[in-house]
Each structure stands twice: as structure tokens, then as C-alpha cells.
Amino acid sequence: MLLIVILALPATVYGTKAMSIQASFNPVQTDQGFEVTISGRIFDVYNQSVSNAVLSIQVIDPQGTSVHVAIAYSTRTGQFQDTFLLQTNSPGGNYTTYLVADKPGYDTAHLSLAFSLSSPDFLIETSSPSLSIQQGQSARLTLTILSLRGYARPINLTAMSISGVSAQFNPESVVPSATTLVTFSVAYDAQLGNHTIILLGISGSLTHRVVVELTITRGPRQMLLSALVIVGTLIVIIVLAFFFYRRSRSQRSQRETVVEELIKQAAGDSGYVATARAIARLEELRALGKVDDATYQKLKKEYEKRLEKSA
């Protein structure tokens with residue numbers, strides 16, 4: 001990195017005070033790019049600090065494009081500072097910065113200075129920012145690793161994955177500029193819904209990342225299992241219903257047979273003793289649950305009438 005410190009000493013105009021700007025750069029490479037800090041001081045011809053001065057800042061890249069505009073204010077000690085970020089893929093070369101300081105009672109102070117961006121770096125791009133994969137299935141996407149400003153060191157690729165999802169790179173290490181194929185495999189029991197997968201490129205002290213949004217949907221095996229569970233449940237319900245129907249029908253048939261025998265017996269012998277036996281038998285059948293209440297009441301009334309007639 002090239003650090004430049006320049007002093008701007010404008011000429012004094014009658015009735016106003018001269019004001020000067022002193023500034024320097026401190027570019028620091030980060031995961032997102034270059035964090036550039038401009039700091040300095042505003043002072044008069046007697047080297048006295050000028051506070052509350054308004055400082056306008058504009059940064060122009062090597063291609064002539066304005067990449068940063070800001071306003072800063074000097075402190076009580078005349079100090080000022082401004083920080084901005086240059087993206088990883090920013091072009092290399094000289095970045096020119098224009099500073100203009102204003103304050104009532106002072107001449108306008110101007111300063112232009114530059115810093116050089118030349119550190120090699122790399123950039124990761126993905127062929128798709130999102131994927132949708134069914135449980136038990138897999139899908140692929142392509143990662144492109146680009147060289148910036150002549151970067152030519154090996155880059156190791158890895159993934160910060162989630163439970164039930166694996167990511168395999170082919171190849172796992174590349175020298176930019178190059179591409180690699182990433183295969184995402186989703187387990188049958190992976191959690192449904194939206195997930196974030198972070199893919200990392202690591203080379204020395206540099207680490208860059210790209211994010212892939214993954215949506216996991218229900219797979220064909222799970223849909224089949226769900227259908228089988230539903231069908232199995234229906235079969236069990238049908239079998240149980242048939243069983244209880246047959247049982248109920250059998251019990252009803254048994255009750256009808258018993259009642260028919262009882263009626264035949266009573267019809268064959270209408271004497272007092274026979275009728276009394278029939279009533280006793282009817283009470284027994286009712287206690288055993290072999291005669292429904294309606295039949296019991298009907299037969300009991302008939303037998304009681306017979307007893308009255310036989311008495």
C-alpha cells in the first residue's frame with residue numbers, strides 16, 4: 001500500500017484567515033475488500049487547530065468513477081476521520097481523493113492526494129444464488145474463483161453446511177481463475193424448509209465467502225411412506241369396522257335365536273308353570289345381555305298376561 005501525506009497551504013485573503021488540511025490514508029484488507037480510513041487535521045497559519053470546519057470528501061477510482069462521497073467535521077482539536085469500503089473486485093491502481101474544508105472567517109482549503117490499490121486478491125461467484133432440493137436427492141452448481149490483480153495462490157474450498165446436507169467440491173482446491181463443481185446431497189430425514197449454506201474460499205490470510213439459499217422439500221420416498229401410512233391406517237379402520245360389524249351381527253343373531261326358542265317354548269306350553277319358567281329364563285337372558293330391552297319388555301308383558309289367565 002502507498003500512503004501519501006500532503007499539506008495544502010492556501011494563500012491568505014484580506015479579511016480572512018488561511019486554513020490548511022493535513023491528511024493520510026490507511027487501507028486495510030478485509031474479508032469484504034479494502035477498508036480505507038482517511039484521517040487528518042485542519043489548522044491555521046499559526047498551527048492552531050480549527051474546530052467545526054466542514055470537510056467534503058470525494059474519492060475517484062483509476063477508471064474515473066466516483067466511488068465515495070462524504071461530509072466530515074473537525075473536532076475541537078481540528079482532527080477528522082472518514083472510513084469507507086472498496087469491494088474486493090475494485091480495480092487496481094491509484095485512487096485520487098479531493099478534500100475541501102470550509103468555515104466562516106477562513107479561506108476555503110483544498111487538498112488532493114492519492115493512494116494505490118495493488119494487493120492481489122480473489123473473488124468467488126456462484127452460478128445460482130439459490131437451490132431447491134427434495135429429501136434424498138442432490139443438485140449441483142458451479143463456483144467461479146476469479147483472480148484479482150494477479151492473485152495466483154491455491155485456494156481451498158469448504159462449506160459451512162447444516163445437519164442433513166453435505167457439500168462436495170470437485171476439485172477441492174483451485175488456482176484462480178478457475179471453476180469448481182459443488183454437489184449438494186440432502187438426507188432423507190433432512191429438515192424441510194429454507195436454509196442458508198455458506199461456501200468458503202480460504203487462501204493464507206484471505207477468506208472470501210458466497211451464500212447459497214437452499215430450500216428442502218419433501219422427497220418421493222417420504223411421499224410414498226406417507227401414502228403407505230394413510231393406506232395402512234384406512235385398512236386397519238376397515239378391518240376393525242368389519243370385525244365389530246361381524247361381532248355385532250353374530251351377537252344379534254344369537255339373541256334372535258334365543259328369543260325364537262323362548263317364544264316357541266312358551267307357545268308350546270301355555271300353562272302356569274311353563275310361563276313362570278319362561279319368565280325366569282327371560283330374566284336370565286336379560287342379565288346375560290342376550291335379550292335387548294325392547295324384546296324383554298314385550299315378552300314380559302305377554303308372559304304376565306298369561307300368568308293372570310292361568311291363575
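Structural remarks
- Once you reduce the range 21-89 and the range 144-181 to the center of their Cα atoms, the two points are 35 Å from each other.
- Here is the size of the range 121-218 from its Cα atoms: Rg then Dmax, 13.8, 45 Å.
- In percent, rounded to a whole number, the relative contact order of the range 121-218 is 36, using alpha-carbon pairs under 8 Å and six or more apart.
- Convex hull per residue volume in Å³, alpha carbons only, for the range 6-117: 92 Å³
Read the figures in this text as sums done on the coordinates, not as results from a lab. The structure displayed is predicted, hence computed values, not measured ones.
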